Structures are given as C-alpha cells and as structure tokens.
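Notes to accompany the following structure.
What follows is calculated from the coordinates using simple rules that are stated; it is not laboratory data. Note that this is a predicted model, so its numbers are computed, not measured. Every residue, glycine as well, gets a Cβ built from its backbone with ideal geometry; the counts of neighbours run over all protein chains shown.
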Ligand SMILES: Cc1cc2nc3c(=O)[nH]c(=O)nc-3n(C[C@H](O)[C@H](O)[C@H](O)COP(=O)(O)O)c2cc1C
C-alpha cells in the first residue's frame with residue numbers, strides 16, 4: 001500500500017533543498033520557467049543532471065519540444081524569484097533579467113549558478129516527468145544559497 005499523500009508531503013518537507021528556477025523555450029522562442037526543488041546531479045562522466053516537472057504545469061510541454069533546459073540555482077536574496085516562478089502561466093520574464101544561453105534556454109542574471117542541458121532521456125515519473133539532461137555549459141559565482149525546508153524559505157546559519 002502506498003503512503004498517504006499528506007504524510008508523504010510532511011516527511012518530504014524534512015528534506016532541506018536548494019531552490020532552482022528551471023527554464024526552457026517554446027516553439028515560438030518564448031521563454032518558460034518554473035520554480036523547482038526536484039533537481040539532482042546524476043553523473044560526472046558524462047555530466048548529467050535531472051529535473052522533475054509536473055505534467056500539469058504550463059512549462060511541461062515545452063521541455064519536450066525544446067529538448068533543452070537550464071537550471072538556475074537561486075541565491076538567498078532571490079526569494080522573490082522563487083515566488084514569481086512558482087505562479088503558473090503568463091509571461092514570467094517581462095520583469096526578470098536574463099540572457100539566452102548557448103542552448104537558447106534562459107539564464108537568469110541573478111542566479112548563483114546555472115547549468116545548461118540538452119535532454120538525453122525522458123522518463124515517466126507518476127504525475128511528473130523526469131528530464132535527464134547532459135550539461136553543455138555551466139558557471140557559478142560566490143554567494144549563499146536560498147533553501148526550502150518544512151514549507152518555508154531558509155538561509156544557512158552563519
Ligand atoms: C519551493 C517550491 C518548489 C517547487 N518544486 C517543484 C518541482 O520540483 N517540480 C515542479 O514541477 N514544480 C515545482 N514547484 C511548483 C511550480 O513552481 C509551480 O507549479 C509553477 O506554477 C509551475 O509553473 P508553470 O505552470 O507556469 O509552468 C515548486 C514550487 C515551490 C514554491
């Protein structure tokens with residue numbers, strides 16, 4: 001028997017996660033993106049990461065068609081970006097500074113780090129889709145990360 005949804009959520013909340021904005025591009029070149037904590041590194045050689053995207057999200061179909069995505073790691077000062085990209089639909093990029101990366105996926109100017117990926121495998125994962133991406137470009141700057149724990153934004157203790 002699977003665990004109850006409420007209990008599953010409660011326990012998952014005890015896993016401290018970094019916060020990312022995962023971006024991709026539409027057929028028409030329009031940028032799409034959503035806040036995501038379901039990100040993990042997978043392999044060093046070749047360099048692979050994965051993200052899990054809700055099948056109900058507006059961005060979901062565009063990952064399939066674009067075949068690329070960027071993962072933007074948010075810094076402690078970027079809570080507003082996390083909240084902004086967690087609201088579904090509309091053009092989220094009108095007031096957000098970004099550039100097109102080498103894959104064409106949007107890289108956020110404020111991000112602490114980014115990884116640009118080409119999708120090499122798509123795996124069904126219940127109500128989410130797992131996109132496995134080979135990393136083609138990446139960079140990082142110094143700074144503290146934005147964290148999410150027990151349903152709230154957190155920062156590293158100093
Ligand atoms: C802290 C946080 C973490 C989230 N993590 C994920 C995630 O890993 N995968 C996902 O599909 N949605 C995640 N969401 C929900 C999406 O950000 C949200 O559904 C968003 O509105 C989808 O945008 P879209 O419909 O415009 O694509 C998260 C939201 C928050 C606030």
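Numbers at a glance
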{"quantity": "Compactness index (Cα Rg / 2.2 N^0.38 Å), segment 98-158", "calculated": "1.41"}
{"quantity": "Approximate shape of the chain as ellipsoid semi-axes (Cα gyration tensor, √5λ), whole Å, largest first", "calculated": "22, 20, 16"}
{"quantity": "Sites residue 152 and residue 27 - FRET efficiency at Förster radius 30 Å, r taken between beta-carbons, to 0.05", "calculated": "0.25"}
{"quantity": "Spin-label model distance (nm) - residue 55 vs residue 99, 7 Å beyond Cα toward Cβ", "calculated": "3.8 nm"}
{"quantity": "Mean separation of Cα contacts under 8 Å (6+ apart) over length of the chain, as relative contact order %", "calculated": "28 percent"}
